[in-house]
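Notes follow once the structure below has been shown.
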Amino acid sequence: MKQRLYRMMTIGLAAFMLCGITAQASASTIIFGDAGWDSMKFHNAVAMLIAQKAYGYDTEEISGSTAITYNALVKGDIHVYMETWTDSIAPYQEDVAAGRVIELGINYDDNIQGLYVPRYVIEGDPARGIEPTAPELRTVEDLKHYSQVFSDPEEPGKGLIYGAISGWQIDEVMRRKVAHYGLDEMYNYMDPGSDPALAAAIVGAYEKGEPIVAYYWEPAWITGKYDLVLLEDAPYEPELYLLGQCECPSIRLTVAANPDFYQENPEFSEFLSKYQTSSQLTSEALAFISDNDASYEDAARWFLKEHDELLDAWLPQDKAGLVRQGL
């Protein structure tokens, strides 16, 4: 009887310890938010790799819309946001001020967006046998002189501008810009419907050496892979931006964390506060993914080998060594 009771107590204790280990494992998992775009997925992969190799964390990624994943960050169901588009999340500044979200640092703030054309449209490309078709094209307003170059195949006599995706705030800005410069009289503005469709239009034209004018942004794999020129615009002024009468501003893309996670993980949070890249570096990594059909984890490994100096900027010497060993 005593032996049976002892065995039951032993089994109970083992179960209790197992639960404790499971809980501990769960507590050592960092959950990253994935709002759906490539650059955020890439930065998640880099930070997740470092979390695993340098700090011994398990990692997970929760995907969803910006609204859903950001709300999960505030609630603590997501711990880290590696690329927070601060202009697209209305409550962000208020949440930071109130301590509901911790802004750890700036991932990068040199991103740009607007209307792009391939460089060969302006300068030609002798290696590909392409002559310049719009040699004086410099600004958005200059497009009024080149509608025949960017001809709309569906409506001869009018040009075609591939616009931003419907539902994005920038789409409204681009439509107002086209009207502000009087381009709507000579161009059709086309909603491509989705990011992949817009990318396909640009890639298709570029590979054929054809003229195209389209909205896009940096960082992105397309701007990392292809030589595109952002058309100049009037200098940025906050009161003119939403009216489409000036250039788009660069946005502060921050690394943000849930406050409970920040307090409970000071060492990893210190790394996150030092995590800083650039639009160019990010575009370079996204182009690597496209060119090599690579996974985000593959790109993270390649990136940390290619830019080994970042490990010393982000991490203590011993932690940087652990990542190098892991690579």
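We did not get these values from a lab; they are worked out from the coordinates using the rules stated. Computed from a prediction, not measured in an experiment: that's the story for all the values here. All Cβ positions, even for glycine, are placed from backbone atoms using ideal geometry, and neighbour counts span all protein chains on display.
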Checklist entry - For K208, K41, what ranking results if the residue with the fewest other Cβ atoms within 10 Å of its Cβ goes first? => result K208, K41
Item to check | the chain, dipole about Cα centre (Lys/Arg Cβ +1, Asp/Glu Cβ -1), debye to the nearest 20 | outcome: 1680
Item to check | Cα gyration tensor of region 250-327 - equivalent ellipsoid semi-axes, whole Å, descending | outcome: 23, 18, 12
Checklist outcome for this item: Relative to the chain, whose Cα atoms define the longest principal axis, helix 279-292 and its Cα axis are tilted in degrees, nearest 10, by 90
Item to check | About the Cα centre, charge dipole magnitude for region 64-185 (Lys/Arg +1, Asp/Glu -1 at Cβ), debye | outcome: 100
Item to check | Estimated vicinal HN-Hα couplings, Hz - region 136-145 in sequence order (Karplus 6.51, -1.76, 1.60; Gly, Pro = x) | outcome: 9, 6, 10, 10, 4, 5, 4, 4, 5, 8
Item to check | Net +/- balance of residues flanking K319 in space, Cβ distance below 12 Å, scoring K and R +1, D and E -1 | outcome: -1
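Tally Lys/Arg at +1 and Asp/Glu at -1 over every other residue whose Cβ is under 11 Å from the Cβ of G114; what's the total?
Here the count lands on -3.
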Checklist entry - Which FRET efficiency value, to the nearest 0.05, do you get for D77 and S278 by plugging their Cβ-Cβ distance into 1/(1 + (r/R0)^6) with R0 = 22 Å? => result 0.15
Checklist entry - Do you know the relative contact order of region 112-241, to the nearest whole percent, from alpha carbon pairs under 8 angstrom that are 6+ apart? => result 37
Next on the checklist: Counting only helical runs of four or more DSSP H residues, what would the 222 nm mean residue ellipticity of the chain come to if each run contributes -39,500 (n - 2.57) and the total is spread over all its residues?
Outcome noted: -14500 deg cm²/dmol
Item to check | Residue among P238, P249, P219 with the largest mean-square fluctuation in a Gaussian network model of the chain, springs linking Cα atoms under 10 Å | outcome: P238
Checklist outcome for this item: Once normalised by the length of the chain, the mean sequence separation of its alpha carbon contacts under 8 Å that are 6 or more apart gives a contact order in percent of 25
Next on the checklist: At 20 °C and a viscosity of 1.002 mPa s, what translational diffusion coefficient does Stokes-Einstein give for region 112-241, taking Rh as the Kirkwood radius over Cα pairs? Give it in µm²/s as a whole number.
Outcome noted: 144
Item to check | chymotrypsin sites (Phe, Trp or Tyr not before Pro) lying in DSSP loop within region 178-271, provided at most 14 other Cβ fall within 10 Å | outcome: Y236
Checklist entry - Dipole magnitude of region 112-241 about its Cα centre, charges +1 at Lys/Arg Cβ and -1 at Asp/Glu Cβ only, in debye to the nearest 20? => result 220
Checklist entry - What does the charge count near K208 come to, summing +1 for each Lys or Arg and -1 for each Asp or Glu among other residues with Cβ under 13 Å from its Cβ? => result -2
Checklist entry - Helix 2-27 versus the longest principal axis of the chain: what is the Cα-based angle in degrees, 0 to 90, to the nearest 10? => result 20
Item to check | Packing-based exposure ordering (other Cβ within 10 Å, fewest first) of R175, R324 | outcome: R324, R175
Item to check | Among Q280, Q245, Q93, residue whose mean-square fluctuation peaks in a GNM of the chain (springs only between Cα atoms under 10 Å) | outcome: Q93
Checklist entry - What ranking of H79, H180 emerges when the number of other C-beta atoms within 10 Å of each C-beta is taken as an exposure proxy, fewest first? => result H180, H79
Next on the checklist: So if each residue of separation counts as 0.36 nm, and I subtract the Cα-Cα distance between D308 and S250, what length gain in nm does that give?
Outcome noted: 18.2 nm
Checklist entry - Using a Förster distance of 30 Å, how high is the FRET efficiency between E270 and L240, based on the Cβ-Cβ distance and rounded to 0.05? => result 0.15
Next on the checklist: Positive end of the dipole of region 112-241, charges at C-beta (+1 Lys, Arg; -1 Asp, Glu), about the Cα centre: which of A205, Y241, P153 has its Cα farthest in that direction?
Outcome noted: A205
